[in-house]
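Below is one structure; the comments refer to it alone.
The values are calculated or read from the model by the stated rules, or taken from the named source; none is laboratory data. Worth saying up front: this structure is predicted, and the values here are computed from it rather than measured. Here the Cβ positions follow ideal geometry from the backbone for every residue, glycine too, while neighbour counts run over all protein chains shown. Accessible surface areas use protein heavy atoms only, side chains included; no ligands, DNA or RNA. Shrake-Rupley method; radii C 1.70, N 1.55, O 1.52, S 1.80 Å.
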Amino acid sequence: MLDYGATLLWFSGPPARLGSSSREASIMRLSRRKFVHSTFALAAAPLVPVGYSRADDTTVRATAGDLAARTTGGRTMSLTRGDILDLRASLRGELILAADAGYDQARRLWNAAFDRRPALIARCAGAADVVRAVQFARSHGLLTAVRGGGHSYTGESGCDDGLVIDLSGIKGLRVDPKHRTAEAQPGVRLGEFDRETQAFGLATTLGTAPDTGIAGLTLGGGFGRLDRQFGLACDNLRAVDIVTADGTLRHADQEENRDLFWGVRGGGGNFGVVTNFEYGLHPVGPTVLAGSRIFPFARAREVMTAVLDFAQTIPDEMYVFAFVARDKGGSSPELMVGYEVFYSGALGEGERLLEPLKKLGKALLDTVAPKPYVSAQQAYGDWEGPENVRSEYSKTGFMERVSTSLIDEIVRRFEAAPTIIDLVVVFREGGAFGRVKPDATAFWNRWCQYAMTLSASWAGRSQNDQNLKAAREVWSTLAPYTRNFYINVDTERGERQVRANYGDNYSRLVEIKTKYDPTNLFRLNGNIRPRTEETSPRSEG
Ligand SMILES: Cc1cc2nc3c(=O)[nH]c(=O)nc-3n(C[C@H](O)[C@H](O)[C@H](O)COP(=O)(O)OP(=O)(O)OC[C@H]3O[C@@H](n4cnc5c(N)ncnc54)[C@H](O)[C@@H]3O)c2cc1C
């Protein structure tokens, strides 16, 4: 089966409902997970929670012993039975401990490379639960992860021996067609948002995989099929409600808490836990022109060159990327080349704009056709499910242009790469995304006209080390063509890289971090260290 991998996601992956041939069917099964990472292994040996069974008051009370946990700085600590009971009693949602039946499901992350075992999972039912969970974490100095849709490539929405503030059950969503806005809570997934907003003929930029969470995606930027027309997901944010590290629920928009509002648009989960997102919406569809075309890999240079030349000429309403991908279904993996297009303007005009690509002749597979916007957004289907247990690795890089030598390098390296390498994609960026000033939001890399992603995936975790080594080696030959990266998708990002990635916005982000999260409670992310921590080694928070 074609394992376009998750990576594609960002780009928007390959063809969705391709048709009836077995080849088409296999492509539809793209596994899309990719990336992953390594630093995962960083987690120190897990502590074994002692003496807790079912998390209801009765059983907890009946159980002796403290609960082993970890501080933000990595030290071991213990929470008393009284601490746990207090927290549990104060939540409207569920508190899940290791001995609970739902624990393994609740701790599971999209990227199987990370097998996190939190001490506590607070399944929040609303903002009040989030306030309580943050207060608890802060008062105990507990290592804390925040989970929206759970699709982090870096495994940072889980943690070992700490607290996971799980927002996946908070799924309120209200569309105001009159004012063209939508209010969405942090457990909402992309597909849910698209469905509700399209009921009114509206949409905004979100990613390309329907089961991704709006929360993590929006806070880190949010690329998608509409970004050349309307900017990133974060550019369409009108306001947020956010619980900052002191346990205060704040509203932030262009008038109130402006610094915070600036920071959450690209600064990720650094400043608090967002409990409500308000987006501006735009009329889109309901029918758009969208799909993918796939050609034999022998034509890789020709197809990539034609598509990326074409990409220079497209209007903002059009989105396109070129890719090389590996079909892992057969006995010998098969390589292919192709592109995806999406056009939200008049259908006839879209067909006319695509004329230049006709010179490539008939594709092996062609799904480009008028279709509902919601279907176009579901091209990669739903990746949730027990079968989705692959470890993923992904690297991204931004570029001003794509040279012939880069295309040669992609084709050559991909052909020779180990079979864990699923996909290399080059997206056309620019458009409305690029017209936002770099300092208008925290998202700095507005100069980027193209973005490249490499994805690798493999079953299980046992081969993580050797596969990461192999994937890094392939990326090392492509990385010199790029500068900076997409914080939401890159599985490996150290402090130095994060700092460079935010460019001249970094010092302002440090100020905001220092003001709202001086102890770096929210550190499991593309971390911006508060000034209080910057000069000291990363240790106890
Ligand atoms: C299959 C797949 C397809 C993807 N496609 C795209 C794409 O097309 N475009 C794109 O831009 N990105 C894409 N991504 C990357 C995506 O943006 C990130 O993985 C993002 O973090 C997912 O958000 P989440 O809420 O599901 O993640 P989670 O794992 O729940 O959270 C990730 C991080 O976000 C922060 N966070 C989450 N919720 C909150 C909150 N409410 N408040 C504060 N911080 C929070 C935390 O730091 C957390 O560690 C894709 C990822 C996957 C796995």
Candidates A290, A322, A376, A346 - the one that is hydrophobic (A, V, I, L, M, F, W, C) and more than 23 Å from the chain's Cα centre (by Cα)
A346
Check segment 258-274 and report whether any residue there is among the charged types (D, E, K, R), open to solvent by 10 Å² or more (accessible area, probe 1.4 Å) and closer than 30 Å to E340 by Cβ.
yes
Sort through L206, L190, L167, L173 and tell me the only one that's away from the ligand (no atom under 12 Å from the Cβ), touching a helix residue (DSSP H, G or I) at 6+ places or on another chain (Cβ under 8 Å) and either modelled with pLDDT of 95 or more or aliphatic (A, V, I, L, M) (or both).
L173
Within segment 86-124, can you find the residues that are open to solvent by less than 30 Å² (accessible area, probe 1.4 Å) and in a helix (DSSP H, G or I)?
L87, Y103, A106
Does G216 satisfy being outside the structural domain of L143 (by TED's automatic domain parsing) and either in a strand (DSSP E or B) or more than 8 Å from the ligand (Cβ to nearest atom) (or both)?
no
Does any residue of segment 318-341 turn out to be under 27 Å from E196 (Cβ atoms) and more than 16 Å from the ligand (Cβ to nearest atom)?
yes
Pick out the one residue from K437, K469 that is closer than 15 Å to G266 by Cα, of a type in the set (K, R) and at pLDDT 95 or above.
K437
Could you pull out the residue among L232, L308, L281, L249 that is away from the ligand (no atom under 15 Å from the Cβ) and not assigned by TED's automatic domain parsing to the domain that holds W444?
L281
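So that you can scan it fast, the table gives a plain yes or no per residue for (1) within 11 Å of the ligand (Cβ to nearest atom); (2) touching a strand residue (DSSP E or B) at 6+ places or on another chain (Cβ under 6 Å); (3) under 22 Å from N520 (Cβ atoms):
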site	(1), (2), (3)
A127	yes, yes, no
V130	yes, yes, yes
Q135	no, no, yes
S139	no, no, yes
Does any residue of segment 475-497 turn out to be under 28 Å from R258 (Cβ atoms) and assigned to a helix (DSSP H, G or I)?
yes
Only one residue in G149, G213, G191 is farther than 23 Å from N501 by Cβ, open to solvent by less than 30 Å² (accessible area, probe 1.4 Å), of a type outside the set (S, T, Y) and in contact with a Pro (Cβ under 9 Å, 6 or more places away or on another chain). Which one?
G191
Which numbered condition G329 misses (of (1) open to solvent by 30 Å² or more (accessible area, probe 1.4 Å); (2) closer than 25 Å to A451 by Cβ; (3) part of a loop (DSSP other than H, G, I, E, B))
(2)
For segment 305-325, check the following and say yes or no: at least one residue is of a type in the set (G, A, S) and surrounded by fewer than 19 Cβ atoms within 10 Å (Cβ to Cβ).
yes
Matching option when the condition is within 16 Å of Y486 (Cα to Cα) and modelled with pLDDT of 95 or more, among D253, D227:
D227
Residues in segment 212-247 that are within 27 Å of A137 (Cα to Cα) and of a type in the set (S, T, N, Q): how many?
3
Among the candidates T205, T144, T181, T212, which residue alone is touching a residue at least 60 places away in the same chain (Cβ under 8 Å) and under 16 Å from the mean Cα position of the chain (by Cα)?
T212
Scan of segment 473-513 for residues that are within 24 Å of D408 (Cβ to Cβ) and either out of contact with any strand residue (DSSP E or B) (no Cβ under 8 Å at 6 or more places or on another chain) or of a type in the set (A, V, I, L, M) (or both), ordered by number
E473, V474, S476, T477, L478, A479, P480
Of all residues in segment 142-164 being hydroxyl-bearing (S, T, Y) and in a loop (DSSP other than H, G, I, E, B), which is farthest from the ligand (Cβ to nearest atom)?
T154
Which fully enclosed strands (runs of 3 or more DSSP E) of segment 369-460 have 2 or more residues being open to solvent by 10 Å² or more (accessible area, probe 1.4 Å) and over 30 Å from Q105 (Cα atoms)?
369-372
